Every structure is written in C-alpha cells, then in structure tokens.
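Notes follow once the structure below has been shown.
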Amino acid sequence: MSILVDETTTFIVQGITGREAVNLTRECLDYGKGAKIVGGVTPGRLGRDVHGVPVFDTVAQAGEREARIIGPNCLGIIVPDVIKMGGIGGPARDAAKSYTPGPVGVISRSGGMTTEMSSTLSAAGLGQSTAVSIGGDAIIGTSYAELMPLFEADPETEAIVIYTEPGGRMEAELARWVTENDSRLPIVAFMAGRFMDEMPGMSFGHAGTIVEGKEDTASEKIARLAEAGIVVADEISEIPGIVSDKIATRAARTARTARTARTSSSLASSPGGELGGMSS
C-alpha cells in the first residue's frame, strides 16, 4: 500500500527539459498504472512540453504549492506495480523485476541501494509496500523519522528496512522517534561505510557522509540504533531472513494477544457476574 503516492497522485518534475529528466519522465509515464505528471519546470522554457507534459518557467506557474519534498539527490519513490516517481529502479521493465508488492517498507539514503535491497527482498519472496530513496545530501526534504508515521499508519506494512551511512544525525532522530512512539514495526538496517571509522577524513560520494564528530561515525550510529531495538545486519544478504523472523515473531505475539483478549472477554461475561471456569 502506498504511503506517499498512488495512481491518483499529481506531481511536477523540476528541470524537466534536461536529458536525464526527459528520460525519467518517460519511465514514470510507462511504469505501472502510469504517473500523473501535471507539469515540469525549467526557467525560460514556458510553453514547451516533454512527452505531452507542459513545461513552466516557475513552480508558482505549475501549481500553488508542493506538499512534500523528497530529496534532493535522490531517485524518488516507487509503489510496486502501481506508480514510480523519479528514476528509482531504472526503466519500467527493469523496475518491475526488482520491485514486487508486499509488506516491507524500504527507506534508503542511496538511490541505487534502494533497488539493491528491494531486489534482495523480492528474491526472497518479501515484496515492498513503498520504497523511498530519501537522498544522500546533508540537508534533505524528508528523513527516516518523518516517514515513519506514514508507514505506521499503513496496515499493509509489517516491517521496515533502511540503508544508511556514516555522517549526519538522521539515524539518531529515527532511534529517538522509534523509542518515544513505541513503534509497532520491526526495523532492520544496513550500515554501509564502516571502514570510515578507521580512516578519518574519508567519505563516500554522498555529501551527507561528512563525519563532523563521534556521533556521526558508523560505530556510534550502530550502537544508537541497537539501543532503540533496531537490528543492524552485517550483510545485505542477511536482511530477508531477519525480516522474515521479525514478521513471524510479531504475528505470533499479535495472535497470543488476541487469544488472551478473547479469553478475558469470555470469563467476564459468565453468568452471575462471576468468573467462569472449571473446579474440582
């Protein structure tokens, strides 16, 4: 189930006349039920169109507002078999191979690794409810923690998988949110770039991997996530097994709670207002 976009969602593409954006627009129109791209923005190109999508000079011309920003430096959002917003998964035929409908929400700072993790889950029979590439820059529009309430409210999402890196404080924000809100969703994470702890000054290509202090290091982030009950896998290949176990454990716990509730209700409604039961 979608947490941000579905086949009825309208959106715009900024820089739509650029070479990559022209291709991405076509891919979004071709995937699933077809994205409803209502406009694109490139200053000085008012009046043109890209694959039938009208081009405007400014966002103000294209619409009165935008509701949520994903990115920058991201590949967008995908709801498997329904809609693709951005370059996530590549061409429609390739995205259809990597992403399948299912119960796992995916959030990743890396666009390419969003697909890698989702493909790994799909191969193990674990489809995705929604996968979001949130971007690898130091400042982005929507973080892990800001997406959590949306996944929490989605009855079809049963677990979350995140891909993260050293640098920034988004993981601390996520850990705090999970703890304070007693999240119902088990979360499994993969921390890339652990080698950076042994190589001060080294960073990935993402601007967000700038380590400004000890709290930004991989080891500190792993410890903080673990304290919040978030399992950090050593390898991506381990993730499907961990997720399956977490979903099964949660389902068993829910079933036990339901049985206890039914038993309590039966006892409370016994004749005479007294607890029912057998006696020797």
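Each value in this text was obtained by applying a stated rule to the coordinates, not by laboratory testing. Just so we're clear, the structure is a prediction, and the values are computed from it rather than from any experiment. We place every Cβ from the backbone using ideal geometry, glycine too, and count neighbours over all the protein chains shown.
Quick notes on this structure:
- The base-10 log of I(q)/I(0) for the chain, evaluated at q = 0.07, 0.08 Å⁻¹, reads -0.32, -0.40 [Debye formula, identical scatterers on Cα atoms, solvent excluded].
- Using the Cβ-Cβ distance between Glu238 and Glu198 with R0 set to 22 Å, the FRET efficiency works out to roughly 0.50.
- Stretch gain in nm, segment Ala223-Ala261, where the contour uses 0.36 nm per residue and the Cα spacing is subtracted: 10.1 nm
- Protection proxy ranking, peptides 21-34, 38-51, average beta carbon neighbours within 10 Å, highest first: 21-34, 38-51
- Packing, as the average of other Cβ atoms within 10 Å across residues, places the peptides 70-78, 240-248, 184-192 in the order 70-78, 184-192, 240-248, highest first.
- Gyration tensor (alpha-carbon) shape descriptor, segment 172-241, a/c threshold 1.5: oblate
- Debye, to nearest 20: dipole size of segment 69-252, +1 on Lys, Arg Cβ, -1 on Asp, Glu Cβ: 380 debye
- For segment 90-155: rounded, prolate or oblate by the Cα gyration tensor [a/c cutoff 1.5]: oblate
- Taking every DSSP beta bridge that has both ends in the chain, the antiparallel portion is near 25%.
- Proximal aspartates and glutamates relative to Lys246, as straight alpha-carbon distance under 19 Å, when same-chain residues fewer than 8 apart are discounted: Glu152, Asp154, Glu156, Glu158, Asp182, Glu227, Asp234, Glu235, Glu238
- Packing-based ranking, highest mean first, of 206-217, 79-90, 117-128, 154-165 given that Cβ atoms within 10 Å are counted: 79-90, 154-165, 117-128, 206-217
- From phi via Karplus (6.51, -1.76, 1.60), per-residue ³J(HN,Hα) for segment 169-186 in Hz, x at Gly/Pro: 10, 5, 5, 5, 5, 5, 4, 5, 5, 4, 5, 5, 9, 6, 3, 7, 9, x
- Gyration tensor (alpha-carbon) shape descriptor, segment 25-77, a/c threshold 1.5: oblate
- Computed from Cα positions, the angle between helix 19-30 and the longest principal axis of the chain comes to roughly 50 degrees.
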